[in-house]
Amino acid sequence: MKTSKSTAITGAAFLMATSAIGPGFLTQTTVFTQQLAASFGFVILISVLLDIGAQLNIWRIIAVTEKRAPLIANDLLPGLGYVLAALIVAGGLAFNIGNIGGCGLGLQVLAGIDPLYGSIISCIIALLIFWNKEAGKAIDGFTKILGLLMILLTLYIVFKAQPPIASAVQHSFFPDQISALSIITLVGGTVGGYISFSGGHRLLDAGIKGEAALPDVNKSAVTGIVVTAIMRFLLFLAALGVIMQGLPLDPSNPPASVFKLAAGEIGYRFFGVVMWSAAITSVIGAAYTSVSFLKTFHPSIERNEKMIISIFIVFSTVVFNFMGNPVKILVTVGALNGLILPIALGVMLLAARNKRLIHNYKHPGWLHISGWIVVGVMSWMGYLTIAKWISG
């Protein structure tokens with residue numbers, strides 16, 4: 001029982017982390033490093049602090065209320081849960097189209113398979129995981145193994161790229177420039193939209209809930225953010241090393257350029273592994289969490305959860321093969337998910353003060369304040385981002 005509980009805690013952390021580390025994550029990190037150079041380290045640092053403030057609040061409130069987010073929202077204001085679910089599922093679907101595309105691209109780089117066939121193969125693999133008799137354990141193990149593999153391969157690329165680590169650390173605290181768009185995109189891509197609820201809902205499904213479970217919930221949430229931050233910082237260092245050598249990145253696939261320029265052909269193959277791992281785990285995270293928002297609304301949805309997840313994945317695959325997967329869309333979807341975060345987090349923070357939902361639980365004041373700071377900062381940066389889009 002103890003081993004099963006520990007597996008679920010770690011699995012929830014890696015489900016959240018690998019949901020965040022998708023094709024968009026790889027693209028955004030490389031593109032923004034190209035734009036901001038060493039100062040991008042500051043953006044990562046700020047985004048990690050905002051991520052922790054968002055994640056701890058959301059996961060703890062889900063655990064204490066013992067309800068999924070849509071039900072919490074509906075209890076606060078009838079109909080609000082449907083609005084929240086619509087936002088999350090729409091964002092999850094948009095992300096998943098990019099994730100499926102990343103699967104196809106990863107297998108193309110790794111084995112020369114046409115992206116169309118690569119996306120279909122990956123779709124089938126994802127379906128097999130969900131149709132496994134022990135689907136929960138399969139998801140936990142699969143995301144954990146591929147998450148660690150991505151970190152190790154990227155660490156090798158950092159070693160080959162030889163980045164200016166001292167400069168990166170210095171500018172992480174004293175940046176030459178700051179970009180609101182990059183911060184909102186990173187936070188949106190890490191804990192925005194469905195991602196912030198993935199681990200919390202996974203813990204709930206594993207029976208880890210209630211006030212007594214909060215130490216485990218805290219551990220899982222922080223572990224997920226730390227894993228994501230490690231991967232983000234390693235990729236930043238790898239890209240910085242290549243850029244500082246004056247080597248040009250391919251605008252059609254910036255992260256692949258980093259791996260290839262740093263370590264040659266083997267680096268390029270490693271990118272294929274990292275891209276496929278990032279994409280397939282994100283497909284699983286997006287499908288699992290998006291459908292977890294829907295299954296609370298009607299018993300028939302919960303009874304047919306695997307079938308609906310399958311439809312979600314297959315539909316994403318079909319759409320990708322008709323629309324394609326450009327770099328700009330991956331960056332834009334991350335920013336849009338960042339705009340959803342203040343709404344979702346605001347709902348959860350209001351729930352934390354509702355005695356009907358939390359009973360005798362007292363949400364820590366520092367967490368409540370930090371949560372509203374995240375809501376304020378992300379709303380303000382969202383306003384700046386929208387104003388920038390409108391002005392062209």
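Of the residues in the range 322-335, how many are crowded, with 20+ Cβ neighbours inside 10 Å and at pLDDT 65 or above?
Residues that pass the stated criteria total 0.
Of all residues being closer than 13 Å to Ile124 by Cα and in contact (Cβ under 8 Å) with a residue 40 or more places away in the chain in the range 298-321, which is surrounded by the fewest Cβ atoms within 10 Å (Cβ to Cβ)? Just the residue, please.
As a first pass, look at the range 298-321 and keep what is closer than 13 Å to Ile124 by Cα: 309-318.
Applying the additional criterion that residues be in contact (Cβ under 8 Å) with a residue 40 or more places away in the chain yields 309-310, 312-317.
On the way: Ile309: 25, Ser310: 18, Phe312: 23, Ile313: 24, Val314: 16, Phe315: 14, Ser316: 26, Thr317: 25.
Checked the range 298-321; the qualifying residue surrounded by the fewest Cβ atoms within 10 Å (Cβ to Cβ) is Phe315.
What single numbered condition from (1) loosely packed, with under 15 Cβ neighbours inside 10 Å; (2) free of Cβ contacts under 8 Å to residues at least 24 places away in the same chain; (3) of a type in the set (Val, Ile, Thr); (4) within 30 Å of Gly264 (Cα to Cα) fails to hold for Ile113?
Only one criterion in (1) loosely packed, with under 15 Cβ neighbours inside 10 Å; (2) free of Cβ contacts under 8 Å to residues at least 24 places away in the same chain; (3) of a type in the set (Val, Ile, Thr); (4) within 30 Å of Gly264 (Cα to Cα) is unmet by Ile113, namely (1).
Condition first: under 26 Å from Thr65 (Cα atoms) and touching a Phe, Trp or Tyr at 6+ places or on another chain (Cβ under 8 Å). Can you find one or more residues in the range 133-142 that meet it?
Yes: one or more hits.
So that you can scan it fast, the table gives a plain yes or no per residue for (1) among the basic types (Lys, Arg); (2) more than 28 Å from Lys5 (Cα to Cα); (3) modelled with pLDDT of 95 or more:
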{"site": "Asp250", "(1), (2), (3)": "no, yes, no"}
{"site": "Asn253", "(1), (2), (3)": "no, yes, no"}
{"site": "Ala279", "(1), (2), (3)": "no, no, no"}
{"site": "Arg303", "(1), (2), (3)": "yes, no, no"}
{"site": "Phe320", "(1), (2), (3)": "no, yes, no"}
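Does the range 172-182 contain at least one residue that is hydrophobic (A, V, I, L, M, F, W, C) and modelled with pLDDT of 90 or more? Working first, answer last.
Taking the range 172-182 first, the residues hydrophobic (A, V, I, L, M, F, W, C) are 173-174, 178, 180-181.
If we keep only those that are modelled with pLDDT of 90 or more as well, we get 173-174.
The answer is yes; a qualifying residue exists.
Among all residue pairs at least 6 apart or on different chains, which show Cβ distances below 6 Å where the first residue, located in the range 181-200, is free of Cβ contacts under 8 Å to residues at least 24 places away in the same chain and in a helix (DSSP H, G or I) and the second is surrounded by 24 or more Cβ atoms within 10 Å (Cβ to Cβ) and hydrophobic (A, V, I, L, M, F, W, C)?
none
Any residue at all in the range 152-171 that is among the charged types (D, E, K, R) and either open to solvent by less than 10 Å² (accessible area, probe 1.4 Å) or assigned to a helix (DSSP H, G or I) (or both)?
Looking for residues that are among the charged types (D, E, K, R) and either open to solvent by less than 10 Å² (accessible area, probe 1.4 Å) or assigned to a helix (DSSP H, G or I) (or both), one finds at least one in the range 152-171, hence yes.
Please specify each residue of the range 122-138 satisfying the condition of being among the basic types (Lys, Arg) and either exposed (fewer than 15 other Cβ atoms within 10 Å of the Cβ) or closer than 21 Å to Ala111 by Cα (or both). Lay out the reasoning, then the answer.
So in the range 122-138, the residues among the basic types (Lys, Arg) come out as 133, 137.
Hit for the range 122-138 is Lys133, nothing else.
Could you check the range 237-252 and list, in sequence order, the residues that are under 18 Å from Leu105 (Cβ atoms) and either among the charged types (D, E, K, R) or surrounded by fewer than 20 Cβ atoms within 10 Å (Cβ to Cβ) (or both)?
Asp250, Pro251, Ser252 - these are the residues of the range 237-252 that are under 18 Å from Leu105 (Cβ atoms) and either among the charged types (D, E, K, R) or surrounded by fewer than 20 Cβ atoms within 10 Å (Cβ to Cβ) (or both).
Any residue at all in the range 103-119 that is within 19 Å of the chain's Cα centre (by Cα) and closer than 24 Å to Ser292 by Cα?
The answer is yes; a qualifying residue exists.
Among the residues of the range 265-297 satisfying the criterion of being surrounded by 24 or more Cβ atoms within 10 Å (Cβ to Cβ) and of a type in the set (S, T, N, Q), which is farthest from Arg68 (Cα to Cα)?
Here the residue is Ser277.
The values are calculated or read from the model by the stated rules, or taken from the named source; none is laboratory data. All of these numbers come straight from a predicted model, not from anything done at the bench. Here the Cβ is made from the backbone with ideal geometry for all residues, glycine too, and neighbour counts use every protein chain on show. Note: areas computed on protein heavy atoms with side chains; ligands, DNA, RNA excluded. Shrake-Rupley method; radii C 1.70, N 1.55, O 1.52, S 1.80 Å.
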